[in-house]
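Please read the structure below before turning to the comments.
The values are calculated or read from the model by the stated rules, or taken from the named source; none is laboratory data. Predicted, not measured: the structure shown is a model, and the values here were computed from it. Counting neighbours? That spans all protein chains shown, and the Cβs are built from the backbone with ideal geometry, glycine included. The area values use the complete protein model at the heavy-atom level, side chains included, leaving out ligands, DNA and RNA. Shrake-Rupley method; radii C 1.70, N 1.55, O 1.52, S 1.80 Å.
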Amino acid sequence: MSSVEEFRTEVRSWLRAHLTGEFADLRGRGGPGREHEAFAERLAWERHMAAEGWTCIGWPQEYGGRGASLAEQIAFHEEYALADAPARVNHIGEQLLGPTLIAFGTPAQRDRFLPGIVAVEELWCQGYSEPDAGSDLANVRTRAERDGGEWVVTGQKTWTSLAHESDWCFVVARTEPGSVRHAGLSYLLVPLDQPGVDIRPITQLTGTSEFNEVFFDGARTDVAHLVGEPGDGWRIAMATLGFERGVSTLGQQVGFRRELTALTELAKANGAAADPLMRDRIARAWTGLETIRWNALRMLDGVAAGAPGPEASIGKIFWATWHRELGALAMDVCGADGMLAAGEPYDLTDWQRLYLFSRADTIYAGSNEIQRNVIAERVLGLPKEARA
């Protein structure tokens with residue numbers, strides 16, 4: 001047995017042994033459109049994982065990780081999803097900020113923040129999007145001004161996932177007055193429990209509120225909490241997005257496969273599969289899922305080299321569009337029953353929640369339009385899109 005298979009077996013055995021007792025009911029809880037489910041219990045589960053050494057496994061051992069190889073990380077995320085283990089609450093800290101600090105942070109920043117991420121004692125959110133700067137991050141207007149030993153942050157962020165549950169936010173802000181587009185941006189680590197920070201949950205189509213608006217009105221953070229140099233925020237923010245599209249996407253695809261399998265069984269059970277056009281759509285969904293997996297494996301070559309390159313945008317467009325179309329297919333398979341809520345006042349079925357939340361897939365983490373621009377300009381070398 002190879003070392004990777006031995007590691008996979010270890011992961012599978014640990015999950016089987018520990019997703020029991022107080023954690024047994026957490027299987028399948030959480031996830032997109034359901035982040036409100038059993039949050040405190042999922043947090044306790046993840047802290048249990050930390051105590052057993054199963055958080056941040058891909059980080060170097062010197063920073064609290066296991067130094068797991070890329071193949072071992074893939075095995076972990078796949079086995080975690082196959083076990084139907086609960087959605088992670090520390091994803092943004094572990095998969096986005098942690099690798100960013102390891103790559104670009106100072107020794108003092110790593111010493112201060114990485115242990116709290118490994119132990120799941122400090123939760124993080126991402127302060128990128130704004131009302132006029134969604135996927136077009138270079139249009140950021142939130143500003144930060146130096147005041148002695150602190151940065152003073154003023155502005156608004158939106159679509160901030162789990163900000164209402166987070167302790168800190170990594171914020172892209174404009175620190176050079178008069179700068180435009182990519183220039184003059186900086187990457188700041190800002191505590192949320194302070195005067196001058198107002199977090200307002202946004203009610204989504206699913207009726208839940210994992211997204212938030214975050215208002216900064218003179219919020220402060222220490223000058224030591226600037227990652228990189230002033231004005232270097234764009235480069236670091238792009239690296240963070242690259243880490244976001246790393247190995248955890250393989251686990252995401254296990255969830256996609258589970259959804260497709262369940263939908264296929266439903267189509268067989270309710271007669272929808274008798275329609276040859278419906279069977280064709282299901283078959284196309286299956287081939288699309290296989291393509292997603294091979295795209296992801298190709299992209300992970302970039303991870304092995306340090307961080308995914310612009311080619312990661314290809315995978316984002318493909319899986320986001322595929323998942324959105326799966327939601328539409330689910331509604332067609334359900335037929336008229338798909339129009340009926342599961343209960344009062346707005347209790348959705350899993351298929352309805354999939355359909356509604358997957359509308360956002362092609363928007364968050366970089367809209368399809370922006371991803372196509374990245375591919376055109378940075379991969380194919382085509383002329384840049386005209387901008388005002």
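Structure data summary
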| quantity | calculated |
| --- | --- |
| Surrounding net charge for GLY231, when Lys and Arg each add one and Asp and Glu each subtract one, Cβ distance under 11 Å | -1 |
| Accessible heavy-atom area order of HIS77, HIS182, highest first, probe of 1.4 Å | HIS182, HIS77 |
| Total formal charge among the other residues, if their Cβ is under 14 angstrom from that of GLY149, Lys/Arg +1 and Asp/Glu -1 | -2 |
| Largest to smallest accessible area among THR20, THR206 [probe 1.4 Å] | THR20, THR206 |
| Using distinct alpha-carbon pairs, which all enter the 1/r mean, Kirkwood radius of the stretch 324-388 in Å | 14.3 |
| Ellipsoid equivalent to the chain - semi-axes via the Cα gyration tensor, in Å | 34, 25, 22 |
| Magnitude of the charge dipole, the chain, Cβ model with Lys/Arg +1 and Asp/Glu -1, debye to 20 | 960 |
| Check: the stretch 119-186 dipole with +1 on Lys, Arg Cβ and -1 on Asp, Glu Cβ, in debye | 360 |
| Compactness of the stretch 1-119, expressed as Rg and Dmax over alpha-carbon positions, Å | 14.5, 41 |
| Qualifying aspartates and glutamates (Cα of each under 12 Å from Cα of LYS316; at least 8 residues distant if same chain) | GLU244, ASP361, GLU369 |
| Binned Cα-Cα distances of the stretch 57-118, short to long, each 10 Å bin given as a whole percent | 21, 51, 24, 4 |
| Cα-based equivalent ellipsoid, the stretch 184-263: semi-axes from gyration tensor eigenvalues, Å | 32, 22, 9 |
| Three-way shape call for the stretch 78-171 based on the alpha-carbon gyration tensor, with the a/c threshold at 1.5 | oblate |
| Computed Kirkwood radius, in angstrom, where 1/r is averaged over Cα pairs of the stretch 138-229 | 13.6 |
| The stretch 1-70 - Debye-derived log10 I(q)/I(0), Cα point model, q = 0.14, 0.15, 0.25, 0.26 Å⁻¹ | -0.54, -0.61, -1.15, -1.17 |
| The chain: relative contact order as a whole-number percent, Cα under 8 Å and 6+ apart | 13 |
| Selection from PRO107, GLY178, GLY64, by position along the positive dipole direction of the chain (Cβ) | GLY178 |
| Dipole magnitude of the stretch 118-264, debye to nearest 20 (Cβ charges: Lys/Arg +1, Asp/Glu -1, about Cα centre) | 560 |
| Alpha carbon convex hull of the stretch 122-162, volume per residue in cubic angstrom | 81 |
| Sum of side-chain charges, SER2 neighbourhood, beta-carbon under 14 Å (Lys, Arg +1; Asp, Glu -1) | -3 |
| The stretch 134-288: Cα Rg divided by the 2.2 N^0.38 Å rule of thumb | 1.44 |
